[in-house]
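K.L.:
Sharing a structure below in structure tokens format, with a few things to ask.
The values are calculated or read from the model by the stated rules, or taken from the named source; none is laboratory data. These numbers come from a predicted model, not from an experiment. Cβ placement follows ideal geometry from the backbone for every residue including glycine, while neighbour counts extend to all protein chains displayed. These accessible areas exclude ligands, DNA and RNA; they are computed on the full protein's heavy atoms, side chains included. Shrake-Rupley method; radii C 1.70, N 1.55, O 1.52, S 1.80 Å.
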Amino acid sequence: RGLDAFVVKTVPGLSEWKAEGTQITAGCGLLLSALAVEAARHSLTGLEFAHGIPGSLGGAVTMNAGAYGGEMKDVIVSAKVMDEDGGVKVLSCDELELGYRTSIVQKKQLIVLEAEFSLQPGETEAIQSTMKELNAKRREKQPLEYPSAGSTFKRPEGYFAGKLIEDAGLRGYRVGDAQVSEKHCGFVVNRGKATCAEVLQLIEEVQKKVKEQFGVQLEPEVRIIR
């Protein structure tokens, strides 16, 4: 039925970037993968982990995106944000309160406009080699052959979401065309024409079964807008 809200599409707009020395400033609409490529092209290391993460820079800052031991908080200097009243200000890394898949941007419903990053000098070939290696690991372990919103659940403290889901006997579990990935149980994939309702029902059923069997409440990593 759509969203009863004002939606701004930042891709491909708001995607300008510039590099000065080891600093890169980029707009919120720039794809994270493109930012990593440009950093490599300028022989700057630190964003290799981000190359295979889907989505835009704005979303990555909002969620403190991370993978393979790296997170946005490791390289970000500051972000320019807008509040609900249209006020614009710059927040430092500390002020962004970047944690595991969270930030002040989420808590106060801010909008990321651009961000500045501090990287380190490196060798382009070595950086590109690392990105290729990490992407190969993703292809091997993640269900990239099907549409998905990425990792569906946050990692519970002391556990791994995918392992809990697998141990609950839910590998391949389906609701319509929404399915717990048979390749990586932490992903909900679309096997054809899955509806939003099917995906949400599947998420809820997985949460219920894991809670019943292990006493662990799984929290969605994906943002659900109703």
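K.L.:
If you take the residues of segment 9-43 that are without any contact (Cβ under 8 Å) to a residue 60 or more places away in the chain, of a type in the set (A, V, I, L, M, F, W, C) and outside any helix (DSSP H, G or I), which of them is least open to solvent (accessible area, probe 1.4 Å)?
P.N.:
If we take residues in segment 9-43 being without any contact (Cβ under 8 Å) to a residue 60 or more places away in the chain, of a type in the set (A, V, I, L, M, F, W, C) and outside any helix (DSSP H, G or I), then Leu30 is least open to solvent (accessible area, probe 1.4 Å).
K.L.:
Follow-up question, since we're still on this one. With the requirement that a residue be open to solvent by 60 Å² or more (accessible area, probe 1.4 Å), modelled with pLDDT of 95 or more and more than 14 Å from Gly58 (Cα to Cα), what does segment 73-84 give you?
P.N.:
Across segment 73-84, the qualifying residue is only Asp74.
K.L.:
While we're looking at this one, here's another question. Would you mind stating whether Val61 is within 24 Å of Glu157 (Cα to Cα), open to solvent by less than 20 Å² (accessible area, probe 1.4 Å), among the β-branched types (Val, Ile, Thr) and touching a Cys at 6+ places or on another chain (Cβ under 8 Å)? Steps first, answer last, please.
P.N.:
On the way: within 24 Å of Glu157 (Cα to Cα): yes; open to solvent by less than 20 Å² (accessible area, probe 1.4 Å): yes; among the β-branched types (Val, Ile, Thr): yes; touching a Cys at 6+ places or on another chain (Cβ under 8 Å): yes.
Against the criterion (within 24 Å of Glu157 (Cα to Cα), open to solvent by less than 20 Å² (accessible area, probe 1.4 Å), among the β-branched types (Val, Ile, Thr) and touching a Cys at 6+ places or on another chain (Cβ under 8 Å)), Val61 qualifies.
K.L.:
I'd like to check which strands (runs of 3 or more DSSP E) are fully inside segment 95-201 and have at least 2 residues that are over 22 Å from Gly58 (Cβ atoms) and β-branched (Val, Ile, Thr).
P.N.:
Numbers: elements: 111-118, 148-151, 178-180, 187-190.
Because the criterion is at least 2 residues that are over 22 Å from Gly58 (Cβ atoms) and β-branched (Val, Ile, Thr), the strands (runs of 3 or more DSSP E) in segment 95-201 that meet it are 187-190.
K.L.:
Something else: Against the condition more than 18 Å from Leu31 (Cα to Cα) and crowded, with 19+ Cβ neighbours inside 10 Å, how does Ser129 come out, does it pass?
P.N.:
Details: more than 18 Å from Leu31 (Cα to Cα): yes; crowded, with 19+ Cβ neighbours inside 10 Å: no.
Criteria not met by Ser129.
K.L.:
So, one more: Could you check Asp83 against (1) acidic (Asp, Glu); (2) closer than 23 Å to Arg138 by Cα; (3) out of contact with any helix residue (DSSP H, G or I) (no Cβ under 9 Å at 6 or more places or on another chain) and say which number it fails?
P.N.:
Looking at each condition in turn, Asp83 falls short on (2).
K.L.:
Can you tell me which residue within segment 167-178, out of those that are of a type outside the set (Lys, Arg) and out of contact with any Phe, Trp or Tyr (no Cβ under 9 Å at 6 or more places or on another chain), is farthest from Thr195 (Cα to Cα)? Even if it seems obvious, please write down each step before you answer.
P.N.:
First pass over segment 167-178, keeping only residues of a type outside the set (Lys, Arg): 167-170, 172-173, 175-178.
After this cut, where a residue has to be out of contact with any Phe, Trp or Tyr (no Cβ under 9 Å at 6 or more places or on another chain) as well, the list is 169-170, 172-173, 175-178.
Details: Gly169: 23, Leu170: 19, Gly172: 17, Tyr173: 16, Val175: 10, Gly176: 8, Asp177: 8, Ala178: 8 Å.
Result: Gly169.
K.L.:
Could you tell me which numbered condition Ala67 fails, if it satisfies all but one of (1) in contact (Cβ under 8 Å) with a residue 40 or more places away in the chain; (2) farther than 28 Å from Ala194 by Cβ?
P.N.:
Here Ala67 meets the rest and fails (2).
Yes/no per residue for (1) more than 27 Å from Val37 (Cα to Cα); (2) small (Gly, Ala, Ser); (3) open to solvent by 80 Å² or more (accessible area, probe 1.4 Å):
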| site | (1), (2), (3) |
| --- | --- |
| Thr152 | no, no, no |
| Glu157 | yes, no, yes |
| Val188 | yes, no, no |
| Lys211 | yes, no, yes |
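K.L.:
Is at least one residue of segment 93-104 open to solvent by less than 30 Å² (accessible area, probe 1.4 Å), within 30 Å of Thr195 (Cβ to Cβ) and of a type in the set (A, V, I, L, M, F, W, C)?
P.N.:
No, segment 93-104 contains no residue that is open to solvent by less than 30 Å² (accessible area, probe 1.4 Å), within 30 Å of Thr195 (Cβ to Cβ) and of a type in the set (A, V, I, L, M, F, W, C).
K.L.:
Also, I was wondering about something else. Is there any pair with a first residue in segment 210-226 that is outside any loop (DSSP other than H, G, I, E, B) and of a type in the set (D, E, K, R) and a second that is at pLDDT 95 or above and open to solvent by 80 Å² or more (accessible area, probe 1.4 Å) whose Cβ atoms are under 6 Å apart and which are 6 or more apart or on different chains, and what are they?
P.N.:
Lys211/Gln217
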